[in-house]
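K.L.:
Got a structure for you, questions after.
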Amino acid sequence: PAAAAPSGGLLNRPGLLGGLAAGFLGAGLIGLLMGNGLLGGLAGLASFFGLLLQVGLVVLVGYLLWSWWQRRNQPALASGPNMSQADMRHTMDAQPQPQSQPRANMAGLGGMLGGLGGSAPATAGVPIEVKPEDFDTFERLLGEVQTAYGNEDVNALRSRVTPEMLSYYSEELAYNASQGDINQMSDIKLLQGDLAEAWREGDVEYATVAMRYSINDKIVERTTGKLIEQLPSEVTEHWTFRRSGGGNWVLSAIQQTDDQD
């Protein structure tokens, strides 16, 4: 409902004007009652208002000083102006993320581990010379590694491959065991070996050799020995070997060639 309109008259006016009028009238009546005349009470009222004004000024100045002191000691925010959550997410996404080390691609069941090792390490080091005795070692490791894998001999593999390659071989052997299969390998013979590249990085030496070899590679049932699949008898792969501090060469990566099925 609408509020009732205020009645007329100076004393009935709302706000400051009506309050002052009522105060002046009250002060005049007090002055008449006390024998000081109509304006006697106004002098006392003015002194009272003056006291209130002084007290108000002191309180106002104190409040302003306290507010200034609070703002001065408040720590500033670290974020930039107008930085929304979407902007912050975009900034975080733009930061470079740590890259994981490349893993070797498993060739799958019956793949002779031909995809192991991925590509060879980048030749950012100093080229080195590979001697004839090194090629003899590479040929020997070809037969020993493949035979150890076909016999599921992890201990024999451990001394001939890097820890990363041993992990990949172990995973493949575990997969074969879970499938009830055995990937048998025998009659490994190197047909041709060509050095692709050889280099040194610090005290570690690498050599990648394109190896074409023949092999009797098949998958049989673990319990019955029944033939499941006969794999290709001739394979061409890139084998990368490494040695540290002039030690023994070990296998560090295997990569199939582009035309390898």
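K.L.:
Quick check on the stretch 222-237: of everything there that is open to solvent by less than 60 Å² (accessible area, probe 1.4 Å) and in contact with a strand residue (DSSP E or B) (Cβ under 8 Å, 6 or more places away or on another chain), which residue is nearest to residue 169 (Cα to Cα)?
P.N.:
Looking at the filtered set, the residue picked out is 237.
K.L.:
A further question on this structure: Quick one: residue 185 ticks every box in (1) within 27 Å of residue 125 (Cβ to Cβ); (2) crowded, with 20+ Cβ neighbours inside 10 Å bar one, so which box is it?
P.N.:
So the condition that residue 185 fails would be (1).
K.L.:
Can I ask one more? Does residue 244 qualify as being closer than 19 Å to residue 201 by Cα, open to solvent by 60 Å² or more (accessible area, probe 1.4 Å), in contact with a strand residue (DSSP E or B) (Cβ under 9 Å, 6 or more places away or on another chain) and in contact (Cβ under 8 Å) with a residue 12 or more places away in the chain? Spell out the reasoning first.
P.N.:
Numbers: closer than 19 Å to residue 201 by Cα: yes; open to solvent by 60 Å² or more (accessible area, probe 1.4 Å): yes; in contact with a strand residue (DSSP E or B) (Cβ under 9 Å, 6 or more places away or on another chain): yes; in contact (Cβ under 8 Å) with a residue 12 or more places away in the chain: yes.
Spelling it out, residue 244 is indeed closer than 19 Å to residue 201 by Cα, open to solvent by 60 Å² or more (accessible area, probe 1.4 Å), in contact with a strand residue (DSSP E or B) (Cβ under 9 Å, 6 or more places away or on another chain) and in contact (Cβ under 8 Å) with a residue 12 or more places away in the chain.
K.L.:
Could you go through the stretch 228-239 and let me know if any residue there is within 21 Å of residue 127 (Cβ to Cβ) and free of Cβ contacts under 8 Å to residues at least 40 places away in the same chain.
P.N.:
Within the stretch 228-239, not a single residue is within 21 Å of residue 127 (Cβ to Cβ) and free of Cβ contacts under 8 Å to residues at least 40 places away in the same chain.
K.L.:
Given the conditions (1) hydrophobic (A, V, I, L, M, F, W, C); (2) in a helix (DSSP H, G or I); (3) touching a residue at least 60 places away in the same chain (Cβ under 8 Å); (4) under 20 Å from residue 218 (Cα atoms), which single one is not true for residue 165?
P.N.:
(4)
K.L.:
Does any residue of the stretch 141-156 turn out to be within 19 Å of residue 256 (Cα to Cα), assigned to a strand (DSSP E or B) and open to solvent by less than 50 Å² (accessible area, probe 1.4 Å)?
P.N.:
No, because not a single residue in the stretch 141-156 is within 19 Å of residue 256 (Cα to Cα), assigned to a strand (DSSP E or B) and open to solvent by less than 50 Å² (accessible area, probe 1.4 Å).
K.L.:
With (1) of a type in the set (S, T, N, Q); (2) farther than 19 Å from residue 140 by Cα; (3) open to solvent by less than 60 Å² (accessible area, probe 1.4 Å) as the list, and residue 208 as the residue in question, which single condition is left unmet?
P.N.:
Single failed check for residue 208: (2).
K.L.:
Separate question: If you go through the stretch 124-136 one residue at a time, do you hit one that is assigned to a helix (DSSP H, G or I), surrounded by 13 or more Cβ atoms within 10 Å (Cβ to Cβ) and modelled with pLDDT of 95 or more? Can you show your working first?
P.N.:
We begin by selecting, within the stretch 124-136, every residue assigned to a helix (DSSP H, G or I); these are 132-136.
Then keep just the ones that are surrounded by 13 or more Cβ atoms within 10 Å (Cβ to Cβ); that gives 134-135.
Restricting the remaining residues to those that are modelled with pLDDT of 95 or more gives 134-135.
Yes, because at least one residue in the stretch 124-136 is assigned to a helix (DSSP H, G or I), surrounded by 13 or more Cβ atoms within 10 Å (Cβ to Cβ) and modelled with pLDDT of 95 or more.
K.L.:
Looking at (1) touching a strand residue (DSSP E or B) at 6+ places or on another chain (Cβ under 7 Å); (2) in contact (Cβ under 8 Å) with a residue 60 or more places away in the chain, which is the only condition residue 175 fails?
P.N.:
Looking at each condition in turn, residue 175 falls short on (1).
The values are calculated or read from the model by the stated rules, or taken from the named source; none is laboratory data. What you see is a predicted model; the values in this text were computed from it and never measured. Methodologically, a virtual Cβ is constructed for each residue, glycine included, from the backbone with ideal geometry; neighbour enumeration extends over all protein chains shown. Please note that ligands, DNA and RNA were not included when accessible areas were found on the heavy atoms of the full protein model with its side chains. Shrake-Rupley method; radii C 1.70, N 1.55, O 1.52, S 1.80 Å.
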